Amino acid sequence: MKIDVGLTMKRMLSVAIVVVLLSALGGCAHETEFRGPTGEGPVAPDGSIMIQSFYYAGNIYIPAGGKIYTSQIPLTKALIGEVASVDNSDWPDEELEGTNLKKGMEVYKSTETDGIMYVRIKKNEWYQFVKYVPEDATDIQSDVGLLANASPETSAMMVYYYDGSQTTVKMSFDLEKNKAIIEEINALGINQISPEKISEMKPPVYGIDISDKSGMRIWLTYSDGKWLSKDGSMYAGEYDLATVFEGVPEDNMTCIPGGSGMLNAALLGKYDIGYYALGEEISDSTGEISMEVLSISDKLVKLQLKNESKEEYLYGLPFTLEKEIDGRWYRLPVALSNWGFTLAASVLEPGGCAETYADLTMYGDLEAGKYRIVKEELAAEFEIR
């Protein structure tokens, strides 16, 4: 069932914004110059900075992506202060000075990953920031091990291998061996590199998944000397993860077609569609049970179910999210490490209708495009613009 929530209102708003911008620019559009802290970055024609940024401990921090929510923020963070001042006329160069932020916003530092910061913009909304690193930087060394908070005493280690067509997952329960691997990786002389390097991660791709003492999972994906963490930060450091994978027994092994089962598939899939699984086959006929999207607020999609049959219909909270790419539907992998559904069933009586919700938080920051919520044999489409 195809719908477009609030399309008329969105078009009116888009036209209004364009009119305001054209008026402000004297009736013609201007391309922005890309110039940053060292000559690269988004700068308006008048020279002002167009993105959020702030200065801390000798470094400039820039956004790592869109808005995220409290459930996506690691527990391993520490408050370092508040945005002290805001000046959009130039890049910040004073402690906790910012651009396009608000004075008084709380700033947190990740105690797990060097170079990762968080700014609270509302009670439950945040921006994640990364240390500005020039595209060709190779000399910014991290002083925090990639698996510094791993807890092999309380968690088995899962190792992954994606060859471009299949993802293979093994579980290692060998405590001493797992400890040795963690020590080796933490001892690497890793350098932080530009997050844009993710586009260079090609199969074969390997991964490690292990929990910390609080139960939060640590995800790392590796390919050709590049490491990708689940928060999108990237590091350079050579390690033979292929030998580690081969050395884990096949007693507990799972094979998954494609790359959708790979760690960080939600991030990697934006550059390689092989990390997305093909979507469900949904009948064009709505039948006697139908579902449609009523509204979207932030990450919460309000759905309506209708039962025009003569029998009760059972439904629950679980759903998957699919995106249309080049005319085909693909199931998106989740971006969060700790998530799940409450497995409770509700009854929809014959001739009745009910409202339910789909929380998209677990899929991270979604780009513009056409999506659909899939619940068993039902699907409801919507657009993000």
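Read-outs: derived from the displayed coordinates by stated rules, not from any lab. In this text, all values refer to a predicted model and were calculated from it rather than measured experimentally. Don't worry about glycine lacking a Cβ; one is built from the backbone with ideal geometry, like all the others, and counts go over all protein chains shown.
General remarks:
- Proximity of backbone amide H atoms, modeled 1.01 Å from N, is registered between ILE193 and MET234, TYR235, ALA236 at under 5 Å, excluding neighbours fewer than 5 places apart on the same chain.
- Near ASP87, once Lys and Arg are set to +1 and Asp and Glu to -1 for all other residues with Cβ below 12 Å from its Cβ, the sum equals -3.
- Per-residue ³J(HN,Hα) for the stretch 218-225, Karplus 6.51 cos²θ - 1.76 cosθ + 1.60, θ = phi - 60°, Hz, x for Gly and Pro: 9, 10, 9, 10, 10, 7, 6, x
- Overall form of the stretch 278-384 per C-alpha gyration tensor (a/c, 1.5; a/b vs b/c): prolate
- The amide H of TYR271, built 1.01 Å from its N in the peptide plane, has no neighbour under 5 Å, considering only residues 5 or more places off or on other chains.
- Note that the stretch 76-91 has calculated 3J(HN,Hα) couplings of 7, 9, 9, 5, 10, x, 10, 4, 7, 7, 9, 8, 8, 6, 7, 5 Hz, one per residue in order, obtained from phi through the Karplus relation 6.51 cos²θ - 1.76 cosθ + 1.60 (θ = phi - 60°); glycine and proline are x.
- Taking a sphere under 11 Å around the Cβ of LYS102 and counting the other residues whose Cβ falls inside, with K and R at +1 and D and E at -1, yields a net charge of +1.
- Derived scalar couplings between HN and Hα for the stretch 260-273 equal 5, x, 7, 4, 6, 4, 5, 7, 5, x, 6, 10, 8, 5 Hz in order, rounded to whole Hz, by the Karplus curve 6.51 cos²θ - 1.76 cosθ + 1.60 (θ = phi - 60°), x for Gly and Pro.
- Under the combined filter of DSSP loop state and at most 10 neighbouring Cβ atoms within 10 Å, the stretch 241-309 retains these GluC sites (Glu not before Pro): GLU250, GLU281.
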